[in-house]
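Beneath this line is the structure, given in structure tokens, with notes to follow.
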Amino acid sequence: MAKNFNTLLAKMSPENQARVQAGANAMLDELVLQELRKSLNFTQEQVAEAMKLNQGVVSKMEHQSDIYVSTLRKFITAMGGQLKLVASFPDREVVINQFD
């Protein structure tokens, strides 16, 4: 029988709980749009309504590997977020603000 994850987590040592939480946070830092939307408890219909589109268009966006920055910004904004583009270099990170 499957056990509730929170029950299992509560039985772990604080060190293991911290390690599990860090792993979960790392996974949340790298999501495709569909996973991001679901993790924020939004439906495609809700995002579509906020973007003034139909649900089918949102579905297509979630499966595209190439998307306009402006479209991605609208998608993120529809879920209450803010899009930031960051270029990572070995010695620094630079926020790209050309598209604001």
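List of remarks:
- Near residue 85, the amide H atoms lying under 5 Å from its own belong to 96; only residues 5 or more places off or on other chains count, and H is placed 1.01 Å from N.
- Estimated 222 nm signal from helices in the chain, with DSSP H stretches of n ≥ 4 weighted -39500 (n - 2.57), rounded to 500: -15500 deg cm²/dmol
- Ligands, DNA and RNA are left out, and with a 1.4 angstrom probe the accessible area of the chain is 80 Å² per residue.
- Pairs of Lys residues in the chain that lie 8 or more places apart, or on two chains, and have C-alpha atoms under 28 angstrom apart add up to 13.
- Cβ-based charge dipole, the chain, positive-most Cα from 4, 54, 42: 4
- Separation in nanometres of the label points that stand 7 Å from Cα toward Cβ, at residue 20 and residue 7: 1.3
- Mean-square fluctuations from a GNM of the chain, with a 10 angstrom spring cutoff on Cα atoms, peak among 47, 69, 58 at 69.
- The residue list 82, 14, 95 was ranked by how far each Cα lies along the charge dipole of the chain toward its positive end, using unit charges on Cβ atoms, and 14 comes out on top.
- Between 22, 78, 87, the residue with the greatest mean-square fluctuation in the GNM of the chain (Cα pairs under 10 Å linked by springs) is 87.
- Carbon-plus-sulfur accessible fraction, segment 1-91 (probe radius 1.4 Å, protein heavy atoms only): 55%.
The values are calculated or read from the model by the stated rules, or taken from the named source; none is laboratory data. Predicted model, so just to flag it, every value in this text is computed and none were measured. Counting neighbours? That spans all protein chains shown, and the Cβs are built from the backbone with ideal geometry, glycine included. To get the accessible areas, we keep the full protein, side chains included, count just its heavy atoms, and leave off ligands, DNA and RNA. Shrake-Rupley method; radii C 1.70, N 1.55, O 1.52, S 1.80 Å.
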